[in-house]
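Report on one structure; see the data block that follows.
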Amino acid sequence: SSSGSGTKPKVFVSRPDIPKAAMKLLEDKFQLTIWTEPRPVPRDFLLQNVGGSDALYCLITDKIDKELLDAAGPNLKVIGTMSVGHDHIDMPEVKKRGIQVGFTPNVLTNATAETTLAVLLAASRRMFEAREELLNGGWAKSAWGPEYLCGQELTDSTVGIYGMGRIGQAVMKRLKAFDVAKFLYSGRSAKPELKDEANFVDFDTLCKESDFVIVTCALTPETKEIFNERAFSLMKPNCVFVNTSRGGTVDQEALIKALKTNQIFSAGLDVMTPEPLPLDHELTKIRNCVVVPHIGSATYKARTDMAVTTAKNIIAALEGTPMPAKLC
Ligand code: DGY
């Protein structure tokens, strides 16, 4: 749908179900073209309708590559992605064309840290299996048993965080309340400000020594499938593996093997490959794997703040003022 006068800058919005507070900001200032259905905009529709846009409001489900940028044409000044992750955007290509990119760090940190704890606890305390037992009669058969549905405990454990950025640190802060004995972290570089809280270690040490391995890094060429067969083979048999970053950081076949052979204890995944996961996918069938559908930032508060930040990023870029959250 289009509205407004032809003199206003044109903004393509790739979903209709954007929190209202953000839509209002955009409607007041721009001529909007909005994909009408609450599902990802089909590639063809996007390619055919993005032409001439001054700005693009997109989500992680929209692949922003050379073809798309060509289709958008030379008017495109800014891409506002309603996400902190930006692996769906061809950044070198965007930079080459001098297009600005706004994103949404900070506002989703707490929500994503909460989800990380939720899947961690669900995987370590076998919550999905427990529900299954309740519903399929398993509980009635074994009743209270000394080792029935036993899991792993955070108390006195070693927690390893891969990618100690905003979200990794928010996870650590919350896990401190569980009396974790030691925090390790690995990633691009040591953070001196964390020297009293966590030890910076190499990747192999993180895998070998952690009772819980938590992945909160960005997906980059360096982190792509870094959790591979070798990494899982280093982990302890009691290890709980948690991923709330991107599925692409994991060699999923290797993870499936590690879970099936009990090389590691369990996994809690908010992200995987592909997304959405086909109903009959092996990951949905593995007893010791908790899978949820990429809900890391899915709180009303975070999503509203993400949407408003995205709108403000676009407004700022088109009005020539500093973006609240500029990626490039
Ligand atoms: C992001 O922002 O990158 C998440 O994956 C979705 O909130």
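The values are calculated or read from the model by the stated rules, or taken from the named source; none is laboratory data. Just so it is clear, the model here is predicted, and its values are computed rather than measured. FYI the Cβ positions are ideal-geometry reconstructions off the backbone, even for glycines, and counts take in every protein chain you see.
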**Message:** Phe183 - would you say it is surrounded by 15 or more Cβ atoms within 10 Å (Cβ to Cβ), modelled with pLDDT of 95 or more and within 23 Å of Asp156 (Cα to Cα)?
**Reply:** yes
**Fill in**
Expected output for the stretch 80-100 (first residue in contact (Cβ under 8 Å) with a residue 60 or more places away in the chain, partner of a type in the set (Lys, Arg) and away from the ligand (no atom under 16 Å from the Cβ), Cβ below 7 Å, 6+ apart or cross-chain) is Gln100/Lys77
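Considering only the stretch 68-119, how many residues are of a type in the set (Phe, Trp, Tyr) and surrounded by fewer than 21 Cβ atoms within 10 Å (Cβ to Cβ)? Explain how you work it out, then say what you get.
First pass over the stretch 68-119, keeping only residues of a type in the set (Phe, Trp, Tyr): 103.
Those left that are additionally surrounded by fewer than 21 Cβ atoms within 10 Å (Cβ to Cβ): none.
Within the stretch 68-119, residues that are of a type in the set (Phe, Trp, Tyr) and surrounded by fewer than 21 Cβ atoms within 10 Å (Cβ to Cβ) number 0.
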**Fill in**
In the stretch 190-227, anything touching a strand residue (DSSP E or B) at 6+ places or on another chain (Cβ under 8 Å), surrounded by fewer than 17 Cβ atoms within 10 Å (Cβ to Cβ) and of a type in the set (S, T, N, Q) is listed as Thr205
**Asked** From the set of residues in the stretch 250-275 that are among the polar types (S, T, N, Q) and within 22 Å of Ala130 (Cβ to Cβ), which is surrounded by the fewest Cβ atoms within 10 Å (Cβ to Cβ)?
**Response** Asn262
**Request:** Would you tally the residues in the stretch 276-295 being surrounded by 16 or more Cβ atoms within 10 Å (Cβ to Cβ) and either within 16 Å of Ala130 (Cα to Cα) or among the aliphatic types (A, V, I, L, M) (or both)?
**Result:** 8
**Neighbours by Cβ (under 8 Å, 6+ apart or cross-chain): first from the stretch 21-32, at pLDDT 95 or above and buried (at least 16 other Cβ atoms within 10 Å of the Cβ); second in a strand (DSSP E or B) and hydroxyl-bearing (Ser, Thr, Tyr)** = Leu26/Tyr57; Gln31/Ser2; Leu32/Ser2
**Item:** Lone qualifier among Ala71, Ala118 - being in contact with a helix residue (DSSP H, G or I) (Cβ under 6 Å, 6 or more places away or on another chain), more than 13 Å from the ligand (Cβ to nearest atom) and farther than 12 Å from Ser14 by Cβ
**Value:** Ala71
**Complete:** Checked against (1) of a type in the set (A, V, I, L, M); (2) within 16 Å of the ligand (Cβ to nearest atom); (3) part of a loop (DSSP other than H, G, I, E, B); (4) touching a helix residue (DSSP H, G or I) at 6+ places or on another chain (Cβ under 7 Å), Ile264 satisfies every condition except (2)
**Request:** Answer yes or no: is there a residue in the stretch 160-173 that is surrounded by fewer than 18 Cβ atoms within 10 Å (Cβ to Cβ) and either modelled with pLDDT under 95 or within 29 Å of Lys191 (Cα to Cα) (or both).
**Result:** yes
**Request:** Would you be able to tell me the number of residues in the stretch 285-298 that are part of a loop (DSSP other than H, G, I, E, B) and either among the charged types (D, E, K, R) or more than 16 Å from Leu59 (Cα to Cα) (or both)?
**Result:** 5
**Message:** Suppose we filter Pro324, Pro274, Pro278 for residues that are outside the structural domain of Thr223 (by TED's automatic domain parsing) and not in a helix (DSSP H, G or I); which single one remains?
**Reply:** Pro324
**Complete:** Output for Cβ contacts, cut-off 6 Å, separation at least six or different chains, first residue in contact (Cβ under 8 Å) with a residue 60 or more places away in the chain in the stretch 271-296, second among the hydroxyl-bearing types (Ser, Thr, Tyr) and part of a loop (DSSP other than H, G, I, E, B), reads Gly296/Thr244
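Which of the residues spanning the stretch 80-110 are among the small types (Gly, Ala, Ser) and more than 8 Å from the ligand (Cβ to nearest atom)? First the steps, then the outcome.
Looking only at the stretch 80-110, we keep the residues that are among the small types (Gly, Ala, Ser), and these are 80, 83, 85, 98, 102.
Correct list: Gly80, Gly98, Gly102.
Within the stretch 277-311, which residues are within 16 Å of the ligand (Cβ to nearest atom) and of a type in the set (A, V, I, L, M)? Walk me through how you get there before you give the answer.
Initial filter on the stretch 277-311 (within 16 Å of the ligand (Cβ to nearest atom)): 277, 291-311.
Correct list: Leu277, Val291, Val292, Ile295, Ala298, Ala302, Met306, Ala307, Val308, Ala311.
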